[in-house]
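Accompanying notes for the structure given below.
The values are calculated or read from the model by the stated rules, or taken from the named source; none is laboratory data. Not measured: the values here are computed from a predicted model. Accessible surface areas use protein heavy atoms only, side chains included; no ligands, DNA or RNA. Shrake-Rupley method; radii C 1.70, N 1.55, O 1.52, S 1.80 Å.
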Amino acid sequence: MTSEPRDETLARPFAELRRADVENAPPFDSMWRPSARGTRRVSPWWVAAPAVSVVAAAAALALWVGLHRSAAEAPAPGAAVAAAAPGLTTAQVASGVRGSIEPLPLDFLLDQPSLAAIPDFDSLPRSVGRP
Amino acid sequence: MEGEHLARELASLHAASWGWALACCGRDPSAAADALQQAYSKVLEGKARFGGQAALKTWFFSVIRLTAMEQRRSIVRWLRRAPDREQPADEAPASSSGKPDRGLERAEAAARLSRALARLAPRQREVLHLVFYEELSIADAATIMGVSIGSARQHYDRGKKNLRDLLGDDLRTS
């Protein structure tokens, strides 16, 4: 499109430079074929992403299995009480547990006059708290 | 364009591509080899695709130019080093045609031009190389350089004037 009139005085040294460069040019095959054989660099993400996924999946599976196993092995609260104290009422077990707890220095903060007025569950009329 | 066909086309352009890679890398042969190989890799890996909008040579020269820029961050860095660097032409054997004086003369002329080009502004050096060395039109040079034709023409005119001043007597005596 835009062809300039040849400036021979400048074109000549460029032609000399080109000739010198061509003589020293590395062969095409040595530059093209190594990359064609697959010297391409593998992005670290191609290795890291699947590895992280596998580790995350294994951790999730281990967690899931652990949770299910502990849930299956855990005894029902009622069964534990019954096994620990056969023949006792819930109130008796509760008072026994309460008595075995060592008082702490700040326990008095939990003492409220109204708590002393709470009636024992077993002494309540049968209609209270029952459907 | 199919792989085999593209490879053949690029092989036919290899000498010109090598010259352009040298120009883009401040005439450092190892940097130019790296840039050219990277450019070939981009083509092979499909990172650079020839769409057919421009001539293959114009397109591939753009790839080389961008690759060299990515690789070296700045052509200017190489330009500043170029005058102190021994030119490959200086190391070339005197001549393969049995005329040692003529061969030496050529090598010296090439080295002088190389040093003069290194003192030009990068854009001026690029456009002069593309027009005189690669024998492309200013329009093609503008496409490769990613500038308008008007801008390329300005760089061309200023570059020619500056190069003449730098070469001075060498041009008159050659």
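Quick notes
- Derived scalar couplings between HN and Hα for region B:14-31 equal 4, 4, 5, 5, 4, x, 5, 5, 4, 5, 6, 10, x, 6, 8, x, 6, 5 Hz in order, rounded to whole Hz, by the Karplus curve 6.51 cos²θ - 1.76 cosθ + 1.60 (θ = phi - 60°), x for Gly and Pro.
- 3J(HN,Hα) along region A:17-23, derived from phi through the Karplus expression 6.51 cos²θ - 1.76 cosθ + 1.60 where θ = phi - 60°, amounts to 5, 4, 4, 5, 5, 4, 5 Hz, with x in place of Gly and Pro.
- Taking all protein chains together and a 1.4 Å probe, the residues B:138, A:101 rank A:101, B:138 from largest to smallest accessible area.
- Prolate/oblate/rounded call for region B:108-174, Cα gyration tensor, a/c under 1.5 rounded: prolate
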